């Protein structure tokens, strides 16, 4: 595999572990991925719910917990550590500042357009700020909008882009009708984003890596995306059923025990569709059952907690802790392919082997076609394809 380069960051294996909240990808998983040569990501979403008495001041708890997780990850790895920060968070800017001050190598932001940035995120002319910034987009139009805004308002542009397709897990940046529409497939969107970023690459004199995400599960998937021009991939679902993942064993076993029909789309209380593993909690919600919401802090800007049938942050933290009767598990479209819980090292080994096998098969087909063409020219035959 080619290495992934994001500015002066060089990644041995072009894999970014997707950020998963609440409390699914923290310092444990992120550091394990970084130790294998990928980029480990801590999710900042409602991270303060890990702290006792968080309800007294969840905003402050979020800030403390995020800083602690970055520091813990740094003690466990010399590799590359980033933070996934949702634009939809009410304390979004607090998280951005905390990530930069704690020396995160990069920030990835989706669930909204990351346009308005605090000064600390924007690189100054002296280059003191080394934290890279990667927006998550679901279309070339969104990518163009973000880059034009940054250029006109800050005089700089993001360092790379994560293009997330509709097969991802968790909250999705698509309408339900678009999710099964081939016109919104990752295979279609990745080349479109690459094309729209070319003028910015020329103007700013630097490469803007495009990272493919959403439904990527195997090394073969990686190869196909990189053949389309992606510089790397982001994977989340594949890393959940690992020993190092910060979620409970019950959470991981939900992946192992899932079947294709268990992977469902839901309407999240925050106004976005989401992909999850169906369970009794979600069936009760679908049937109209409401769970009383005692909101300690409006953690998501788009959440109307007075009308919400349940608190999504509480449901997700319950699931991460193994309390699946009072929560549910977000998952990507391929979660049902999970056969066992294994180590992050084993996942990386499998991905590398899968990638190499697919690469050799592709090269074999290419050489076979070239040989057939050469043979046809030599004998005067016509090859019909």
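As a length-normalised measure over Cα pairs under 8 Å and 6 or more apart, the relative contact order of segment 158-278 settles at 30 percent.
At an R0 of 41 angstrom, the distance between the Cβ atoms of residue 323 and residue 363 translates into a FRET efficiency of 0.25.
By the Stokes-Einstein formula, at 1.567 mPa s and 4 °C, segment 52-93 with its Kirkwood radius over alpha-carbon pairs has D equal to 110 µm²/s. A straight chain from residue 152 to residue 177 at 0.36 nm per residue would run longer than the Cα-Cα distance by 5.6 nm. Once the Cα atoms are used to define both axes, helix 140-154 deviates from the longest principal axis of the chain by about 70 degrees. Working from Cα pairs under 8 Å separated by at least six residues, relative contact order for the chain is 16 percent.
Approximating the spin labels as points 7 Å out from Cα along Cα→Cβ, the residue 53-to-residue 350 distance works out to 4.4 nm. With respect to the chain, whose longest principal axis is taken over its alpha-carbon atoms, helix 344-379 is tilted by about 20°. Applying 1/(1 + (r/R0)^6) with R0 = 35 Å to the Cβ-Cβ distance of residue 60 and residue 290, what FRET efficiency is obtained, to the nearest 0.05? FRET efficiency, residue 60 to residue 290: 0.75.
For the Cα atoms of the chain, what angle does the longest principal axis make with the long axis of helix 186-204, in degrees from 0 to 90, nearest 10? That helix lies at roughly 90 degrees to the long axis.
Subtracting the Cα-Cα distance of residue 307 and residue 119 from 0.36 nm times their residue separation leaves 64.1 nm of extension gain. At the listed q of 0.22 Å⁻¹, the Debye profile of segment 172-219, built from one uniform point per Cα, gives log10 I(q)/I(0) equal to -0.87.
Classified by the C-alpha gyration tensor, segment 13-108 has a prolate form. Its axis ratio a/c, with a ≥ b ≥ c, is 1.5 or above, and a/b is larger than b/c.
Multiplying the residue separation of residue 259 and residue 75 by 0.36 nm and removing their Cα-Cα distance gives an extension gain of 62.5 nm. With both residues required to sit in the chain, DSSP beta bridges show an antiparallel share near 35%.
Every number here is computed from the coordinates shown, using simple stated rules; none is lab data. A quick note: this is a predicted structure, and the numbers were derived from the prediction, not measured. For neighbour counting, all protein chains shown are included, and Cβ atoms are generated from backbone atoms with ideal geometry for every residue, glycine included.
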